[in-house]
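A short write-up of the structure that comes next.
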Amino acid sequence: MIYVPLPFKRTSVWMAALLPLLLASTPARADSSMPKAHYADTQLADPKKEAAAHALMESVRCLVCQGQSIADSDAELAADMRAMIRKRVEAGEKPEAIRAWLIERYGDWVSYKPVLDAATAPLWIAPFLLIAAGLWLARGRFRKRRS
């Protein structure tokens, strides 16, 4: 066993010495000091446009949080995406066009409503195939038990 002499004899003294370093490296310091975008948390003046923007925000996944929509997320990227959506809705762009732009920019994963194409077809078809296979196996098992 190798003995390494420590400058402090007690663990509590070590902790007191390391506490300022730990506090200086908290995740809160990782946030940007830039102000939020104007439309990040400010609703649009027209209630119909705000409802359309909010419905779209509910169906777009936060790329930072990954389990939340950008409407629910507190991440800076989600705030920027909310602002982009509100600006585009305010300019008169249709929500589906905005969704297509977001998917083009961030990929299919950003949408909670993925499209059916060659890449996602196995994800849509596999559950039905697995249920059908389970029913077929169960049918065969029950037939054998009757005999």
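The values are calculated or read from the model by the stated rules, or taken from the named source; none is laboratory data. This one's a predicted model, so the numbers in the text were calculated from it and none came from an experiment. Every residue, glycine among them, receives a Cβ derived from its backbone with ideal geometry; neighbour counts consider all protein chains shown.
Okay, here's what the table says:
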item	result
Test: residue in the stretch 58-69 that is in contact with a Cys (Cβ under 8 Å, 6 or more places away or on another chain), at pLDDT 85 or above and closer than 16 Å to residue 95 by Cα	yes
Sole residue being of a type in the set (A, V, I, L, M, F, W, C) and either within 15 Å of residue 41 (Cβ to Cβ) or in contact (Cβ under 8 Å) with a residue 40 or more places away in the chain (or both), chosen from 70, 103	70
